[in-house]
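Taking it in order: structure first as structure tokens, then the write-up.
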Amino acid sequence: MSRKDKFTVVLVGVCGTGKSVVGEKVAKKLDIPFFDADALFSEQLVADKENTNTESNTWLSAITSLVGEQYTKDGCVVSCSILKKEQRLQLAKNLDLNIDWVFMNGTYDEINQRIDKGHAKHQTESSLESDFELLEIPKRALTIDITHSEQDIVDTILKYLARKYG
């Protein structure tokens, strides 16, 4: 991989899969910034979830702006719980750039155990159930099994990018 590549890596999945921890490590290896969109735009995310009358996209718009701005620099790695196919398609369409999607995949029981051990901030069993109900598994993403070690997951993502971009 050459430094001229502008990476836009978006890690998606339900809360508790390790998106942020892995995303930080991948960004450090690529020498580009990392952003936890769920944490950065938590107020917009909550407002959008509470707005049941219309499809509010304040949260997704904020992520779109962030990624677009970072792409004009060196690119970035972003973790966010974009769970619906429609949201991923909208983000990709609005940005019109190559996004490398990484889906952090785990079973309900595996992620619930992480929550019980305190590995997922602000996540409860009921919000996990809600996340799994909303989840539409991406078909065009690098799918990562969260039962592997953090280092193995980071290495897998970096190898994927190296193969793709040379």
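So here's what we get for this one:
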{"quantity": "Heavy atoms of THR143 accessible to a 1.4 Å probe, total area in Å² rounded to 10", "calculated": "70 Å²"}
{"quantity": "Gyration tensor (alpha-carbon) shape descriptor, segment 57-166, a/c threshold 1.5", "calculated": "oblate"}
{"quantity": "Rounded accessible area of GLU129 (nearest 10 Å², 1.4 Å probe)", "calculated": "90 Å²"}
{"quantity": "For SER130, solvent-accessible area (1.4 Å; no DNA, RNA or ligand), Å²", "calculated": "50 Å²"}
{"quantity": "Set LYS19/LYS73; LYS25/LYS159; LYS84/LYS117 screened for pairs whose C-alpha atoms are more than 21 Å apart", "calculated": "LYS19/LYS73; LYS84/LYS117"}
{"quantity": "Accessible area, probe 1.4 Å, largest first, for residues LEU89, LEU11, LEU134", "calculated": "LEU89, LEU134, LEU11"}
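The values are calculated or read from the model by the stated rules, or taken from the named source; none is laboratory data. Keep in mind the model is a prediction, meaning the values are calculated, not measured. Ligands, DNA and RNA are stripped out before the accessible areas are found, and what is left, the full protein with its side chains, is counted by its heavy atoms. Shrake-Rupley method; radii C 1.70, N 1.55, O 1.52, S 1.80 Å.
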